[in-house]
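The values are calculated or read from the model by the stated rules, or taken from the named source; none is laboratory data. These numbers come from a predicted model, not from an experiment. Backbone-built Cβ (ideal geometry, glycine too); neighbour counts: all protein chains shown.
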Amino acid sequence: MTLRRVLAVVALVAAGVAARDSAPRAAATAAGDAYLVRSLLIVGERIGAIVHLNRTPKLVPVRADEATRLAAAQSRAQRLLPPAEAAARGRAWRDLGFGSGTEPQDLVLALESDIAGMTFDATGDRLLVDPQRLLPDSGQGDPDVDPDASILLSTGVAPDEPTAGHYATHALLDGPALAGTVTTDALLARAALAEGTANLAALIFLFGGVGLESEVVSGALHPEDSLEGRLVSEALRTASPVVTHLLEFVYLDGFAQAASIARKGGFSRLAQERRLRLTTRDVLHLDRSPAPAVAIPEPAIPALLGLSAVDRDSLGEQGIVALVSLLTGKDNLGLIAGDGWAADALWRFEPSAAASNGSGDGATVWLTRWTSDEDAADFAYGLERCLQARYPGETVEGERSRGSQVLRRADRVYRIETSGMQVAFRVATAAIDEKTNPDPKKKGPASRPKPTKN
């Protein structure tokens, strides 16, 4: 194929859907539903060959309207992150300055909704398909006036088939869902390589027939630029800045990293790496071996104050990059602050539900571990810059070199405490902070254990 022909096909597939007639298609008939089953079977067979598996996905397609698809996505999202935990996590994120409080729930729902037009049902056994997608007459019109027909004529693929291929790849390769309380870091890491793998297969499905498979695997072709962005989440264009930033990591960086892995060993190598790279640090740094797990014990002080943990999260390296980048407006500062991450645990502590009513009473404690003292210092500096950006003109007391800084406000007290390769960020009401850090001017020096010699 000549370069001119290649560029023409790419341009057509990228922009063709934009000219589609906006008038609704006719509702699917019984014959259309039979066509749907046959279409998914054919797509599944081709995807199985692309990912080098001698099987097709066990997935039953059914027609479902938007409300039904949304309800299924919500059911799966609430199973991953129950509403009470999502709300508590939102309060912790809000203490960090990471959004208004709805972002944890919004992020999980966006990932479970995935790309528009189709989604899995609540159990993952059926593919719910929009009644206007994958119809028998799709692409059968005049190529001069029907963009779908033009794309089908140029690539041999109907525009809805790559979306079906995306979901068929998920069904074949994703494996069991995450178990237990799902942290943001684990969720993002899994989603990034899962979505990257699904879109790598979908683009090979779309462009492979015209000799562009190598361009897909090389990363020269991107899902967000194909089929008017139908292979990435619509939430990328509508969500809050925090959720958008995290979804860009999942769909854009995830595809780039999946393609990079596939260039070295195809889909078999990609499947292996997906089992090993379980944190965003591991996804971001393919040149590094997966990081060993680091246990961070729950702090005891909140229990002494009558508070209990209502959520435990981990933002991971990518969460830290997003937090610092968004608050300071400095992308490079975010990258520096996140590099060297070894582990983190973000707790939200609150009194009983009857006492708190979600009012914000309680404390947020974020404990982090780093691979060097320098990395820890970089993160502490990033946190300081975040506080300065959130509250311009207010003073962050103390010095980073001494390992203790504090910003006091009427509603919250923010503390950054650095000790070697550990950094703690504590946010609490003034009353709770006073109990754990009494004012020496009022009560004399706080009683602190003397350091012991090693």
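List the pairs whose first member sits in the range 167-182 and is among the aromatic types (Phe, Trp, Tyr), whose second member is assigned to a loop (DSSP other than H, G, I, E, B), and whose Cβ atoms are under 9 Å apart, counting only residues at least 6 apart or on separate chains?
Close Cβ pairs (under 9 Å, with a partner that is assigned to a loop (DSSP other than H, G, I, E, B)) amount to Tyr167/Pro57; Tyr167/Leu59; Tyr167/Asp114; Tyr167/Ile115.
Filter the range 267-290 down to the residues that are assigned to a helix (DSSP H, G or I), touching a helix residue (DSSP H, G or I) at 6+ places or on another chain (Cβ under 9 Å) and loosely packed, with under 14 Cβ neighbours inside 10 Å and list them by number.
Arg269, Gln272, Leu276
Would you mind stating whether Tyr414 is farther than 24 Å from Ala309 by Cβ and at pLDDT 95 or above?
Against the criterion (farther than 24 Å from Ala309 by Cβ and at pLDDT 95 or above), Tyr414 does not qualify.
Are there any pairs with C-beta distances below 6 angstrom linking a residue in the range 228-239 that is touching a residue at least 40 places away in the same chain (Cβ under 8 Å) and within 13 Å of Val250 (Cβ to Cβ) to a residue that is among the hydrophobic types (A, V, I, L, M, F, W, C) and surrounded by fewer than 20 Cβ atoms within 10 Å (Cβ to Cβ), with the two at least 6 apart or on different chains, and if so which?
none
Among the residues of the range 118-129, which ones are buried (at least 20 other Cβ atoms within 10 Å of the Cβ) and either under 27 Å from Ser240 (Cβ atoms) or not assigned by TED's automatic domain parsing to the domain that holds Glu228 (or both)?
Met118, Thr119, Phe120, Leu128
Only helices (runs of 4 or more DSSP H) wholly contained in the range 326-398 count here; list those with 1 or more residues that are touching a helix residue (DSSP H, G or I) at 6+ places or on another chain (Cβ under 8 Å) and at pLDDT 95 or above.
Per the criteria, 331-338, 373-390.
For every residue, the table says whether it meets (1) more than 23 Å from Leu276 (Cα to Cα); (2) at pLDDT below 95.
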{"residue": "Asp146", "(1), (2)": "yes, yes"}
{"residue": "Ile151", "(1), (2)": "yes, yes"}
{"residue": "Gly165", "(1), (2)": "yes, no"}
{"residue": "His170", "(1), (2)": "no, no"}
{"residue": "Thr183", "(1), (2)": "no, no"}
{"residue": "Val232", "(1), (2)": "yes, no"}
{"residue": "Pro241", "(1), (2)": "yes, no"}
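Please indicate, with yes or no, whether at least one residue in the range 35-55 is out of contact with any Phe, Trp or Tyr (no Cβ under 7 Å at 6 or more places or on another chain), surrounded by 11 or more Cβ atoms within 10 Å (Cβ to Cβ), among the polar types (S, T, N, Q) and at pLDDT below 85.
no
Which of the residues that make up the range 171-203 are surrounded by 21 or more Cβ atoms within 10 Å (Cβ to Cβ) and either outside any helix (DSSP H, G or I) or acidic (Asp, Glu) (or both)?
Thr183, Asp185, Glu195
If you take the residues of the range 204-261 that are of a type in the set (Gly, Ala, Ser) and within 22 Å of Asp106 (Cβ to Cβ), which of them is surrounded by the fewest Cβ atoms within 10 Å (Cβ to Cβ)?
So the residue we want is Ser240.
Inspect the range 201-223 for any residue being closer than 30 Å to Gly97 by Cβ and among the small types (Gly, Ala, Ser) and give the result as yes or no.
no
Let me confirm something: among Ala168, Ala177, which residue is within 18 Å of Leu134 (Cα to Cα) and of a type in the set (A, V, I, L, M, F, W, C)?
Ala168
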